[in-house]
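Working notes for the structure below.
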Amino acid sequence: MDSDDVSDVEEIWKTFVPSASLLRIDPDDFAFRWRSATLCDMSIVRYSLTAEVHSRVQPEDQLFACRLVTADGVLRSRRSVIEPGMPWATDSTQVEAEWNGTAEVSALIFDRGRAQELARRITGDDLLSLRLTSVHPRSDAAARQWARAFDYLLNSAMSVDGDELIEAGLARHALTVVLSCFPSTFGSAIVRDGAGEGGATVSRALAYIDDNAHLPITVDDVAEAVHISTRGLQYAFRRSIDTTPTEYLRRVRLDGAHRDLRNAANDESVAQIARRWGFGNSSRFNNLYRQTYGRSAKETLEGG
């Protein structure tokens, strides 16, 4: 929906997050655009809001993961400042946001009780008390993973068309992404689980990939580095973070190529940068790049 009525903002937002409140909103130059999808006791929301805004959220019965992108804004919890553009998550901690201008907000919102039930099924720990232990993501790589996953989830949810099986799969994927990207008791339960070393192994594998993605490593190399079989590594990744080592390695390399394209020297080409990050097929690289970043690699190179 699009709206120029200030009262719509808080009314719609409170439908999804009852604890949310708009402490101040200046109606001058006001613009509001909202997209959302609801599936299996969770909601996926993206909206843009142009105004001078001061807002607050403190979930009680929800688990809330969000990203706010704005050129002029401040985000803070009671204990720390949150960098605008970085995702954050809370299941009880109060977070306040202020901005003057346009902000784009992306959020994954879960019923806390249902999220705990799903987390127990994923870990096999029937006594798991699900709790986030920090509002901040584990790392910059985790923040990027969250942002990419959100775009995929929103686009997929918009085309589900009432298929309950697909909805359940998307909800599971959404929760797994949040609990993989943010510190929580879920991570401890994975480590305690029967495949428990798998959680620690995946953490070591993620770190190895992040540190070595610029080199011509393969999934076999990753498995050898963390002392596990390739098949075992694939199983551990799928169980712990609902992706594969190949997919994660590709995403990290795309991020590296994206960064180099934005900071390229005048004499560098797209093909050179793609090859540097292990993409020998230029056509495939360009397709993956456009799907991930919404523009061509050449446009990024020329635009900086």
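The values are calculated or read from the model by the stated rules, or taken from the named source; none is laboratory data. Small disclaimer: the values here were computed from a predicted structure and weren't measured. Counting neighbours? That spans all protein chains shown, and the Cβs are built from the backbone with ideal geometry, glycine included.
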remark   = Result of the Cβ filter at 8 Å on the stretch 268-280, keeping first residues that are closer than 18 Å to Asp210 by Cβ and partners that are outside any helix (DSSP H, G or I) and not charged (D, E, K, R), at least 6 apart or interchain, is Arg276/His214; Trp277/Ala213; Trp277/His214; Gly278/Ala213; Gly278/Pro216
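Each row is one residue, and each column tells you yes or no for (1) closer than 23 Å to Asn155 by Cβ; (2) of a type outside the set (Gly, Ala, Ser).
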{"residue": "Trp13", "(1), (2)": "yes, yes"}
{"residue": "Pro18", "(1), (2)": "no, yes"}
{"residue": "Ser21", "(1), (2)": "no, no"}
{"residue": "Asp29", "(1), (2)": "no, yes"}
{"residue": "Trp34", "(1), (2)": "yes, yes"}
ask   = When Val81 is evaluated against the numbered criteria (1) closer than 19 Å to Leu49 by Cα; (2) assigned by TED's automatic domain parsing to the domain that holds Ser36; (3) hydrophobic (A, V, I, L, M, F, W, C), which criterion, by number, is the only one it fails?
value = (1)
task = Among the residues of the stretch 74-113, write down those that are basic (Lys, Arg) and surrounded by 17 or more Cβ atoms within 10 Å (Cβ to Cβ).
result = Arg112
task = Return yes when Ala51 is surrounded by fewer than 16 Cβ atoms within 10 Å (Cβ to Cβ), of a type outside the set (Lys, Arg) and modelled with pLDDT under 90 and no when it is not.
result = no
inquiry  = Take Thr176 and tell me if it is at pLDDT below 85 and either surrounded by 18 or more Cβ atoms within 10 Å (Cβ to Cβ) or among the polar types (S, T, N, Q) (or both).
reply    = no
task = Report yes if Ser36 is free of Cβ contacts under 8 Å to residues at least 40 places away in the same chain, in contact with a strand residue (DSSP E or B) (Cβ under 9 Å, 6 or more places away or on another chain) and more than 17 Å from Ala97 (Cβ to Cβ), otherwise no.
result = yes
query = So which of Glu224, Glu268, Glu247 is in contact with a Leu (Cβ under 8 Å, 6 or more places away or on another chain), charged (D, E, K, R) and surrounded by fewer than 16 Cβ atoms within 10 Å (Cβ to Cβ)?
reply = Glu268
